[in-house]
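Structure record follows, encoded as structure tokens.
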Amino acid sequence: MNISALWPGWLGGQRYQRALRMVLSSYVLNGALCAIGMLLISAFVRGVFGADAGATATVGVMATLAPDLVGPRRGKLAYMIASPLIGVPLFLAVQLLHKQPVELGVFLVAATFLSFLGMAWGKRGAPVAIGVMLGVIFALSTAPPQDTHAALARALYCGLGSLLYVFYSVLVNLLANGRYRTQRTAETLLALAALMLTHARRIAPDEAAQPETGPAATQGVSELLNQHATLATLLQAARDVILESPRTPRRQRLAAMLLVALEMRDYLVAGELDLDRVRPHPGNEAVLRGLASVYRGMAGDLARMADALLLGREPAPPADRGEPLAKLAKLAAANLPPPAMDSADSANANASDHAARLLRGVALRITHQNSAILQLGALARGQALPDLNMVRNNWRLFVSPTAWSLQPFFGLWHWQQPALRHAVRAALAMGTGYAIATLLPWGSHAYWVLLTIAVVLRGSLAQTLERRNQRVAGALVGSLLATGLLALHPPAWGLLLAVTAAQGVAHAFAPRRYLVAAIAASVMGLVQAHILNTSGSPAFALIERVGDTLLGAVIAWGFSYVLPSWERGQLAKLVRRTLQALSLHARRSLGLATLNEIDTQTDLAWRLARREAYDALSELVLATQRSLSEPHAVRPPVPLLELLQGHSYQLLAQLSAVKSLLLLRPEQLQAERIAAPLQQSAARIEAALAPDAPPAAPAPAPPETTPDAPGAEEEDPPATLPGPFQQDTSPWLLRRLHLAEGLADQVRENARAVLTAIETSTATPD
């Protein structure tokens with residue numbers, strides 16, 4: 001019997017595909033490997049030194065594996081050793097102070113402050129800080145040691161578990177590196193496919209879907225920006241793994257596929273151009289539906305290619321959609337109106353003529369995506385050779401640094417630094433939580449209150465609120481599961497397996513779906529505490545843990561308003577960074593105009609500038625999103641920020657379109673005609689985006705604008721665009737330059753308005 005026939009809505013459907021992709025993902029594999037390492041080390045120490053030693057060694061493993069995420073092989077040892085070097089001495093100090101509550105409370109405040117200073121190293125330091133805090137908090141869950149010798153023995157076993165896991169993680173990361181590369185490539189393709197589907201909905205809504213009307217229909221740019229921000233984060237994580245040491249043929253193919261995916265992102269951005277001007281004209285609906293259908297088909301090809309990579313199969317060749325695109329381009333050209341007889345008809349004919357030419361341009365730009373997907377398929381199937389020079393050069397320039405630097409520490413000591421304020425805030429919250437917990441009837445379980453505070457309290461209010469809600473829900477479900485498990489009185493090996501499985505799930509889903517991680521972490525914490533200290537009733541533990549979780553969540557929530565780092569304090573810097581990145585990107589993109597001088601160095605400089613432009617805009621988008629959870633009194637000017645983001649995105653689109661013309665169709669450009677305009681546009685855009693640029697010259701008031709319809713793009717240059725069968729594309733390039741200059745002026749004015757509003761609100765006391 002066909003199993004899928006029993007559950008036709010599940011097997012073979014989208015839910016099944018999502019579940020399978022999740023199971024085969026890099027983060028689930030990483031969590032499983034971490035759990036296996038903990039099981040092996042705990043069982044080894046338990047078998048050699050006894051049950052108590054094994055339980056304590058497990059604490060060392062838990063504190064050490066927090067930073068063990070998917071990453072490059074280079075620098076893995078130096079990264080993983082940081083947590084035990086800091087955490088084991090702190091574990092020993094907690095053991096020595098276990099019977100002195102006042103001194104222990106003071107020490108916890110100092111240790112929390114020291115640990116959370118690691119947030120100054122950003123995404124690299126945050127897991128280490130959390131790992132150190134886990135070691136300190138789980139040290140509280142043990143019974144007080146009988147004497148100094150017992151405390152030293154526990155610290156020794158904790159350190160043994162930590163060191164064994166460090167070496168395990170380095171070895172396993174080396175062995176799993178090939179699989180990680182494949183998974184990260186597949187995850188990038190899936191994210192790109194999702195972005196392509198969003199673009200398809202903007203071209204023409206899916207007929208099977210509910211049509212969008214009202215405000216929802218005008219949020220296309222916001223949705224795109226959010227997805228681009230997510231993709232930018234994913235791409236950097238993929239670069240770090242895939243572009244590292246691409247010495248074997250398979251590594252080189254995967255690296256080449258990642259580079260093609262980066263180009264496809266540019267093509268998607270450029271494909272957004274002119275859509276707002278071609279939609280209103282009658283007769284274009286069929287072409288737009290056809291283009292959207294092509295995009296959906298391409299997204300399906302990308303998803304199937306990713307699934308094949310995850311399953312270890314050779315992907316099927318993607319469909320060549322060149323012929324349908326050519327037909328759509330001809331259909332767009334067929335919409336050219338006949339010669340007009342009077343002035344009114346002539347004006348309408350000119351507008352329709354212009355829209356038809358623009359629509360044909362949209363269709364032609366999508367052909368670049370078709371070529372890129374065919375190239376991806378050939379690389380995945382081993383039928384095409386990667387550009388080795390490009391792959392090797394990208395390796396050294398686009399992989400994040402792996403060495404620890406003292407620069408973040410030296411730059412930390414300023415009162416407005418978010419990392420310093422968060423360290424102070426966390427230390428005060430932990431001290432308050434410990435003081436309150438020791439006064440409760442179940443004060444011996446103060447560690448659970450502190451654990452909740454440590455995992456809920458984040459650097460921003462938005463992240464704290466999200467974790468608060470999910471932590472409480474996860475603790476309730478996890479406590480029920482753990483209480484039911486402990487009530488069965490399973491053997492020691494059963495408890496060890498439960499802790500291992502829960503640890504693997506919590507580690508895998510913490511950065512993705514925190515609710516799942518919170519449930520697993522609650523099971524892990526309760527069972528591990530039971531192993532370390534078997535006293536107490538499992539039934540009463542449920543009430544205790546839920547109460548402790550609620551208390552910890554309330555404390556973390558309350559202290560998120562103490563010394564807050566509101567997003568408006570960082571947005572001014574992010575706005576200036578975005579302006580600088582766009583300016584440099586424009587200079588590098590338009591510098592490719594010297595068609596006969598494009599070399600590896602010039603190309604890499606442009607790629608670096610492009611990455612910085614996308615990263616800067618993505619950080620601006622994410623900060624704006626987080627600000628929506630903040631109180632209205634301190635919220636930045638969100639409408640102005642959205643307008644700035646929309647214009648910045650469209651400026652990126654124009655620059656991407658210019659770059660595509662220069663690189664992909666140089667034989668259709670007149671070099672002598674475009675050289676001077678390119679230089680002038682580069683200089684004008686750079687001047688417009690300079691921090692001290694003067695205001696734009698007074699102009700007639702533009703109509704009300706939104707990110708979907710910026711005023712700078714409402715007027716086209718007077719030059720007549722070439723017809724569908726003319727080969728000279730220079731007028732198209734000149735038009736792009738004209739629109740890019742106008743958008744640069746819009747970006748400058750939007751940025752000035754945002755900065756003025758932020759400075760005004762910052763000057764007002766909170």
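Per-structure values
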read-out: With eigenvalues of the C-alpha gyration tensor scaled by 5 and rooted, the stretch 465-536, Å; value: 22, 13, 9
read-out: Table column - 3J(HN,Hα) (Hz), the stretch 381-389, Karplus curve with 6.51, -1.76, 1.60, x for Gly and Pro; value: 8, x, 9, 9, 9, x, 7, 5, 4
read-out: Point-to-point label distance, residue 16-residue 513, nm (Cα→Cβ direction, 7 Å offset); value: 1.8
read-out: Estimated FRET transfer efficiency (residue 143, residue 415; beta-carbon r; R0 45 Å; 0.05); value: 0.65
read-out: Virtual spin-label span in nm between residue 543 and residue 580, 7 Å along Cα→Cβ; value: 5.9
read-out: Karplus 3J(HN,Hα) series, Hz, for the stretch 562-571 with 6.51 cos²θ - 1.76 cosθ + 1.60 (x for Gly, Pro); value: 8, 6, x, 10, 5, 4, 5, x, 9, 5
read-out: Percent accessible area from carbon and sulfur atoms, the stretch 407-457, protein chains only, probe 1.4 Å; value: 69
read-out: Virtual paramagnetic centre 7 Å along Cα→Cβ of residue 561, amide N under 20 Å, in the stretch 622-648; value: 626-636
read-out: Virtual spin-label span in nm between residue 638 and residue 436, 7 Å along Cα→Cβ; value: 2.8
read-out: All lysines inside 25 Å of residue 76 as judged from Cα atoms, apart from same-chain residues fewer than 8 positions distant; value: 123
read-out: Value in Å of the Kirkwood radius, where the stretch 53-178 supplies the Cα pairs that are averaged; value: 14.7
read-out: Computed over the stretch 420-481: relative contact order in percent, which uses C-alpha pairs under 8 Å that are six or more apart; value: 26
read-out: R0 of 30 Å, Cβ-Cβ distance residue 667-residue 327: FRET efficiency to nearest 0.05; value: 0.80
read-out: Counted charge near residue 157, where neighbours are those whose Cβ lies closer than 11 Å (Asp, Glu -1; Lys, Arg +1); value: +1
read-out: Lysines whose Cα lies under 27 Å from that of residue 330, excluding same-chain neighbours fewer than 8 positions away; value: 659
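The values are calculated or read from the model by the stated rules, or taken from the named source; none is laboratory data. Just so you know, these numbers come straight off a predicted model, no measurement behind them. Neighbour counts run over all protein chains shown; Cβ positions are idealised from the backbone, glycine included. Side chains are part of the model used for accessible areas, which takes the heavy atoms of the whole protein and leaves out ligands, DNA and RNA. Shrake-Rupley method; radii C 1.70, N 1.55, O 1.52, S 1.80 Å.
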